[in-house]
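The values are calculated or read from the model by the stated rules, or taken from the named source; none is laboratory data. What you are looking at is a predicted structure, and each value in this text was computed from that prediction instead of being measured. All Cβ positions, even for glycine, are placed from backbone atoms using ideal geometry, and neighbour counts span all protein chains on display.
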Amino acid sequence: MVKTKQIGWASEAELTRAVFAWLQAHRILAWRMPVGPVVHRKVIGGRLKEFWKKSPLKGFPDIAGVLQRKRRGTLFTLELKSASGSISPEQKMWMKDLSDAGSACAVIRSIDDLRTAMETWGEITPPQSHPPQAADELP
């Protein structure tokens with residue numbers, strides 16, 4: 001896996017695997033949202049016909065889940081992007097609508113972004129940093 005703190009992951013597929021591993025390790029309920037085309041099948045004249053339609057969820061964030069601690073029961077959504085990925089107008093619309101409805105939404109380019117979002121939403125506690133003790137304060 002190719003990753004740097006500054007530019008995120010090389011591909012969304014790698015980032016997706018890493019995000020799910022992190023969420024699972026922190027026992028955070030989440031699932032992938034498949035939003036591809038929808039197929040409708042009908043029997044016409046004794047033959048099965050398929051009709052493909054665009055998904056009504058085009059642009060919906062990649063991952064959805066439910067916060068379980070500070071904002072218990074609140075939907076969260078994550079739009080995963082590679083280092084060079086950009087947000088589409090449909091994705092912006094979904095994130096704005098979801099956020100306006102009370103959901104927690106974030107664009108994630110790295111595990112650091114994910115950690116920051118979960119800390120902000122109260123799902124994990126930020127690591128405590130303790131200032132070094134002076135030599136005369138040591139037990």
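So that you can scan it fast, the table gives a plain yes or no per residue for (1) closer than 16 Å to Leu29 by Cβ; (2) of a type in the set (Gly, Ala, Ser):
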| residue | (1), (2) |
| --- | --- |
| Arg71 | yes, no |
| Thr77 | yes, no |
| Ser82 | no, yes |
| Ser86 | no, yes |
| Leu98 | no, no |
| Val107 | no, no |
| Glu119 | no, no |
| Glu123 | yes, no |
query: Among the residues of region 53-98 satisfying the criterion of being modelled with pLDDT of 95 or more and among the small types (Gly, Ala, Ser), which is nearest to the chain's Cα centre (by Cα)?
result: Ala64
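Could you check region 100-139 and list, in sequence order, the residues that are at pLDDT below 75 and of a type in the set (Asp, Glu)? Break it down into steps so the answer makes sense when it comes.
Of the residues in region 100-139, the ones at pLDDT below 75 are 127-139.
Within region 100-139, Asp136, Glu137 qualify.
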Filter result (in a helix (DSSP H, G or I) and either of a type outside the set (S, T, N, Q) or surrounded by 20 or more Cβ atoms within 10 Å (Cβ to Cβ) (or both)) within region 101-129: Ile111, Asp112, Asp113, Leu114, Arg115, Ala117, Met118, Glu119
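Answer yes or no as to whether Ile44 is modelled with pLDDT under 90 and hydrophobic (A, V, I, L, M, F, W, C). Show your work before the answer.
Values: modelled with pLDDT under 90: yes; hydrophobic (A, V, I, L, M, F, W, C): yes.
When the stated conditions are applied, Ile44 passes them.
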query: Can we say Lys96 is without any contact (Cβ under 8 Å) to a residue 60 or more places away in the chain and assigned to a loop (DSSP other than H, G, I, E, B)?
result: no
